């Protein structure tokens, strides 16, 4: 009679080594992310094709029956475009800063959104167009209360993180070698190289803390963390 | 991107910490968070079940490369089809069912390639090849015989036997993975046991399955 006992896996090497599990994870993540991007892209492509077809239907008969310059009323009216955000007093958004010994400062933007800066905070605009407002928290902690933006994107960057906003209240802080994003209400999408999975959706009462990319240190080796024991 | 570490390890300056998605989260919590776009929850689901999926695929296929492909395909299908999972608590069972289904597809492909003389794969993870260093020569010989018996077995019986007696699944979990009733899985295991015991002498920690044992019959 053999010494082997069931289950036989007790006498066999575990094929699920850390290296193999990590290698499979890399491929899974790449494929899942790729599929999601395709899923996002398909509706956009379909919408574009529908819009292009509609434009052809509107314009083609007129060209056939009335050659020459197309009268302005034959053209679709340009879509309403939101104007670029300014401060509530109409001034352009410039660098916002509060000295270390200063008092907390709150600013209201032209759409009613509010930005609060604690002492020692510096926020600067990277881009302010009708399509998008991109702010950067260069240092300190800033809190944002953002209303619905229509078609305009409202993004906040801190270190290598980017927070995309859709009607929400949240704060972004740089503390030492950590960047924190805390959501008070609503939801935000956070992207960055140190974000688990590359991107997370944060809801109210959730906080994401990631290591800043500024001090260059090697990431902890995956093998240092034990994999959970297999069942059964 | 490397696999994110679990929050316990991430609570260090080197990593990231997403609260509310910890090791204590249930599969149902993690599935719901993954559906909402939480990459950390998805990584946690992978971390929790990947070892079992890879082990099952390797034991059944006997080839590391094929097993890695099947594990990869199974997780991709699971993560991109979560809307089809009716009960989030059953993620593990559903994932293993996808895995076994993919393994069986791989068997069919391999069979076809063999018939055409195009199967270039190498069996590098058979039971005999995977024996621990402490396993004696006599037992290794038994494992080689067992590999041969399993190779000649119908796919369903082979899978049932491997899940039960190599990986140690309970009959109910093996039945779920193969998407059959408990009575059917017991019948397959008993039939496979008979084939194995005709050629190989193994000690039995598990009682042999008998078809008549099935007092509970349910379609999974």
Item checked: Selection count where residues are at pLDDT 80 or above, part of a loop (DSSP other than H, G, I, E, B) and closer than 19 Å to residue A:131 by Cβ, scope region A:86-112 -> 4
Next item on the list: Please enumerate the residues belonging to region B:130-141 that are assigned to a loop (DSSP other than H, G, I, E, B) and surrounded by fewer than 16 Cβ atoms within 10 Å (Cβ to Cβ).
Entry: B:132, B:133, B:134, B:136
Next item on the list: Take region A:149-191 and flag every residue that is within 14 Å of chain B (Cβ to nearest Cβ), modelled with pLDDT under 80 and outside any strand (DSSP E or B).
Entry: A:160, A:176, A:177
Next item on the list: Determine if region B:186-206 includes at least one residue that is at the interface with chain A (Cβ under 9 Å from one of its Cβ atoms), surrounded by fewer than 19 Cβ atoms within 10 Å (Cβ to Cβ), in contact with a strand residue (DSSP E or B) (Cβ under 7 Å, 6 or more places away or on another chain) and over 18 Å from residue B:60 (Cβ atoms).
Entry: yes
Check: Which of the residues belonging to region B:95-128 are touching a helix residue (DSSP H, G or I) at 6+ places or on another chain (Cβ under 7 Å), without any contact (Cβ under 8 Å) to a residue 40 or more places away in the chain and not in a loop (DSSP other than H, G, I, E, B)?
Finding: B:98
Note to self: Can you tell me which condition residue A:2 does not meet? The list is (1) buried (at least 16 other Cβ atoms within 10 Å of the Cβ); (2) within 14 Å of chain B (Cβ to nearest Cβ); (3) at pLDDT 85 or above, and all the others hold.
What the structure shows: (3)
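The values are calculated or read from the model by the stated rules, or taken from the named source; none is laboratory data. These figures come from a predicted structure and were not determined experimentally. Positions of Cβ are backbone-derived with ideal geometry, glycine not excepted, and every protein chain shown enters the neighbour counts.
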